[in-house]
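Report on one structure; see the data block that follows.
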Amino acid sequence: MDTIAKAHGEDQHDHPHGWRRYLYSTNHKDIGTMYLAFALLGGLVGGVLSIGMRLELMHPGLQFFHDSHMFNVFTTAHGLIMIFFMVMPAMIGGFGNWMVPLMIGAPDMAFPRMNNISFWLLPASFTLLIISLFVEGEPGAPGVAAGWTIYAPLSTTGHPGPAVDFAILSLHLAGASSILGAINFITTIFNMRAPGMTMHKMPLFVWSQLVTVFLILLAMPVLAGAITMLLTDRNFGTTFFTPSGGGDPLLFQHLFWFFGHPEVYILIVPGFGMVSQIVATFARKPVFGYLGMAYAMVAIGGIGFVVWAHHMYTVGMSTAVQAYFVVATMVIAVPTGVKIFSWVATMWGGSLEFKTPMLWAIGFIFLFTVGGVTGVVLANAGVDRSLQDTYYVVAHFHYVLSLGAVFTIFAGWYYWFPKMSGYMYSEPIGKLHFWLTFIGVNIVFFPQHFLGLSGMPRRIADYPDAFAGWNLVSSIGSYISGVGALVFFFGVAHAFMRKQRAGDNPWGAGATTLEWTLPSPPPFHQYNELPLIK
Amino acid sequence: MSLLNRMTLLAMMIIAMLGAGEPALAGLGQPSPWQLGLQESASPVMTDIIWFHDFLLYIITAIAGFVLALLIVVMVRFNARANPIPWRTTHNTLIEIAWTIIPIMILMFIAVPSFKLLFLQLNVPAADLTVKATGKQWYWSYSYPDNGEFEFDSLMLKDGERKEGQPRLLAVDNEMVVPVNKIVHVITTGSDVIHSFAVPSFGIKIDAVPGRINETWFTATKEGIYYGQCSELCGKDHAFMPIAVRVVSEQAFSAWIEDAKKKYARNEGLPSTAVASAQRLPQ
């Protein structure tokens, strides 16, 4: 580690400048930055949509939407945007691109030009999704209102207009982008580790990316197949999902969730890796049970492929099938528990510093536990009968994703912001952002458990009056988190204006991974001489 | 100590809210304002679901509380001021085995009642009568195959159509009617897109899928009206196709059947299924 060549900018001139630097970029750091900027934009759009929904749901009756079609368009777009254009670009495209080569001691990704096309497919994909909002979906109304799950036949005969076609093509591009990225990461991680960095010495963030990209590689083609069949059912007279032609709507659900369940791990596993790095850094103590942590992620990824039909307990599956999916799903709690307890054990005996990234990481550990245990409830088909398609499910998956995945994204943002930009963010602003978000999102989502238990269905723009109380509370929470998001953007602008230099390693002795040995920001090309790992 | 106090306070608040919230407008068969838990049971299956959910709630609260307690201990005992020199421990085989084995044991403990409940729900007993519920955009049609050749539509009552006391978005014009304490076999299908037939108080939810017949069952133990809502996104008016089940005495049910046979008879103009498909055609 001590033989790292510091590139002193002698090569800073031999790359394009201005807009060409980004449009033509083959540099993993520039591409990572573009992914992060794109994710900020996606998060902004998705967040505005969610506040729109909470405004509507604040009181019973229809206030802002003149019919519930438009509300369903909002839920659909919110889901798709947050998944494909916020969390995935931030975690894999953004932090993955930036940090994987730095952490394994590689000069760049294995396929720099493919990295470029991976990114530039996303704006095209996003554009198609935006177009879908303005063309006919349901008869006489614009936009896809079939939910992010786009179940047939609502997405076929239920949406005769071309909006669903645009959404399908958008998902195809996003999927192609992810698959190309996955190939790139797998090749990079397998072949470009610095001398001496064996698989079992890789930082856990790199492990988490490796698991994630394998999930992408295996799951995305299934989505592509399913939505292609949807496309041909819609346009070319095939009947894969149409009973009158011998097809079955449930086939789509099986294909969709075979992709969809691994997808939720795609969204959270990189966060596991980030939290491991951050907890170890701010506890000034190596990760507890490193191998257990790495293989717990592998196990979660593997089991994640055989639990899909727990999203489908009410579709009419046989007793034996439901019983199998109950057991398989509950098994996932075991490696997840290993991770939670290992994070606690990493902190146990540590010397904890509560910098902003650490606050997000600790917040994540607790809130992810809450979302995890409600997942155990939902895993049981018997009780899921009452909770399927209610707000309990909405609360559950927002605890693991909105409070889980998004908390890790912010943790990673504050952790690596000094490295990526070279500037230190303001601790008070970061902490204010954390507390506003922490309080806000809990007020949004905790009461949704009560709504779900008492029977409020998901995806409805208006609800029976008895649900008014907790919906009001939930909406107020979303405004608080909205203020938190404004504080975040202010904090970013503030850090860039204040220009306080961060130095190579602002976190001290706990930050032991290779990226902290480089200057902040790292030179355009790093590791002109490969680091040697002892 | 302060943690204990805070947790006691929280528990008291929750108990107070439960006490204050539940009886207010305590509608059997529908949600109440500020309700925290599952709807009151009106069938043996729902009674078991409530028991099992409460059982799980104790376990998951204990787990989440345990993790929270660990985090608080860690933050208090091992912050930089309290513990300036970090330990170097990175392994402890015993504890790693423990936190793998103990969760497995907890899950097995959960699985036993879980399977019992699952088998109770899915093994449909010999039924006293069958009701077929067909989900349509955006209303339900009911027929009683054991009781004659009739089918009727059940549409949500709009503002101005409701009588005093009928809940908004839940009340319908023609309820599904069943006798009390009888095993009712429900079969569902969808005529256009997927819908889902759900009545929370009975603990049932079963998708109505085009091209498929699904089944479930319930025994309503108390007379009254029980409400549910379509529980699978089915398009524009998904929020406005409620399910209302009126549970009546056996005599009242027989009388209703006789009445319904006349009222909804198929020879009265077009059969209602044909009406329904005629309504769909222009799309």
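The values are calculated or read from the model by the stated rules, or taken from the named source; none is laboratory data. Keep in mind it's a predicted model, so treat the numbers as computed, not measured. Because the Cβ atoms are built from the backbone with ideal geometry, glycine has one as well, and the counts that use them run over all protein chains shown. Quick note on the areas: whole protein, heavy atoms, side chains included, nothing else; ligands and nucleic acids left out. Shrake-Rupley method; radii C 1.70, N 1.55, O 1.52, S 1.80 Å.
Residue pairs whose Cβ atoms lie under 9 Å apart, sitting 6 or more positions apart in sequence or on different chains, and linking a residue in the stretch B:218-240 that is under 20 Å from residue B:185 (Cβ atoms) to a partner that is among the acidic types (Asp, Glu), are B:219/B:128; B:231/A:389; B:231/B:207. Among the residues that make up the stretch B:142-158, is at least one of them facing chain A (nearest Cβ under 8 Å) and in contact with a Phe, Trp or Tyr (Cβ under 7 Å, 6 or more places away or on another chain)? So far as the stretch B:142-158 goes, no, none of its residues is facing chain A (nearest Cβ under 8 Å) and in contact with a Phe, Trp or Tyr (Cβ under 7 Å, 6 or more places away or on another chain).
Given the residues A:306, A:298, which is the only one that is surrounded by fewer than 21 Cβ atoms within 10 Å (Cβ to Cβ) and either over 20 Å from residue A:323 (Cα atoms) or within 14 Å of another protein chain (Cβ to nearest Cβ) (or both)?
Details: A:306 fails: either over 20 Å from residue A:323 (Cα atoms) or within 14 Å of another protein chain (Cβ to nearest Cβ) (or both).
That would be A:298, the only listed residue that is surrounded by fewer than 21 Cβ atoms within 10 Å (Cβ to Cβ) and either over 20 Å from residue A:323 (Cα atoms) or within 14 Å of another protein chain (Cβ to nearest Cβ) (or both).
Within the stretch A:230-253, how many residues are surrounded by 20 or more Cβ atoms within 10 Å (Cβ to Cβ) and either farther than 22 Å from residue A:306 by Cα or not aliphatic (A, V, I, L, M) (or both)?
Going through the stretch A:230-253, the residues surrounded by 20 or more Cβ atoms within 10 Å (Cβ to Cβ) turn out to be A:230, A:233-234, A:240-241, A:247, A:249-250, A:252-253.
Adding the requirement that they be either farther than 22 Å from residue A:306 by Cα or not aliphatic (A, V, I, L, M) (or both) leaves A:230, A:233-234, A:240-241, A:247, A:249, A:252-253.
Going through the stretch A:230-253 one residue at a time, the tally reaches 9.
Kindly evaluate residue B:132 against the criterion of being more than 9 Å from chain A (Cβ to nearest Cβ) and open to solvent by less than 40 Å² (accessible area, probe 1.4 Å). Judged against the criteria, residue B:132 is not a match.
So that you can scan it fast, the table gives a plain yes or no per residue for (1) in contact with a strand residue (DSSP E or B) (Cβ under 6 Å, 6 or more places away or on another chain); (2) surrounded by fewer than 21 Cβ atoms within 10 Å (Cβ to Cβ); (3) at pLDDT 95 or above:
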position	(1), (2), (3)
B:207	yes, no, yes
B:221	no, yes, yes
B:233	no, no, yes
B:250	yes, yes, yes
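Restricting attention to the stretch A:469-487, does a residue exist that is modelled with pLDDT of 95 or more, within 14 Å of chain B (Cβ to nearest Cβ) and open to solvent by 50 Å² or more (accessible area, probe 1.4 Å)? There is at least one residue in the stretch A:469-487 that is modelled with pLDDT of 95 or more, within 14 Å of chain B (Cβ to nearest Cβ) and open to solvent by 50 Å² or more (accessible area, probe 1.4 Å). Only a single criterion out of (1) closer than 29 Å to residue A:37 by Cβ; (2) in contact with a Leu (Cβ under 6 Å, 6 or more places away or on another chain) is not satisfied by residue A:459, namely (1).
Which count do you get for residues in the stretch A:129-175 that are part of a helix (DSSP H, G or I), of a type in the set (A, V, I, L, M) and either within 30 Å of residue A:243 (Cα to Cα) or within 14 Å of chain B (Cβ to nearest Cβ) (or both)? Quick ask: steps written out before the conclusion?
At the first step, the residues of the stretch A:129-175 found to be part of a helix (DSSP H, G or I) are A:129-132, A:163-175.
Remaining after also requiring of a type in the set (A, V, I, L, M): A:129-131, A:163-164, A:167-169, A:171, A:173-174.
Of the ones still in play, those that are also either within 30 Å of residue A:243 (Cα to Cα) or within 14 Å of chain B (Cβ to nearest Cβ) (or both) are A:129, A:163-164, A:167-169, A:171, A:173-174.
Counting residues in the stretch A:129-175 that are part of a helix (DSSP H, G or I), of a type in the set (A, V, I, L, M) and either within 30 Å of residue A:243 (Cα to Cα) or within 14 Å of chain B (Cβ to nearest Cβ) (or both) gives 9.
Residues that are of a type in the set (A, V, I, L, M, F, W, C) and in a loop (DSSP other than H, G, I, E, B) were ranked within the stretch A:184-200; the one that is nearest to the chain's Cα centre (by Cα) is A:192. Counting just the residues of the stretch A:270-290 that are of a type in the set (Val, Ile, Thr) and open to solvent by less than 10 Å² (accessible area, probe 1.4 Å), which one comes out nearest to the chain's Cα centre (by Cα)? Looking at residues that are of a type in the set (Val, Ile, Thr) and open to solvent by less than 10 Å² (accessible area, probe 1.4 Å), I get A:275.
So which of A:223, A:204 ends up being touching a Phe, Trp or Tyr at 6+ places or on another chain (Cβ under 6 Å) and open to solvent by less than 10 Å² (accessible area, probe 1.4 Å)?
Details: A:204 fails: touching a Phe, Trp or Tyr at 6+ places or on another chain (Cβ under 6 Å).
After applying the criteria, what remains is A:223.
So which residues in the stretch B:32-67 are in contact with a Phe, Trp or Tyr (Cβ under 6 Å, 6 or more places away or on another chain) and facing another protein chain (nearest Cβ under 7 Å), if there are any at all? Listed by number, the list holds a single entry, B:36.
The criterion of at least 3 residues that are hydroxyl-bearing (Ser, Thr, Tyr) is met, among strands (runs of 3 or more DSSP E) falling completely within the stretch B:94-204, by B:139-143.
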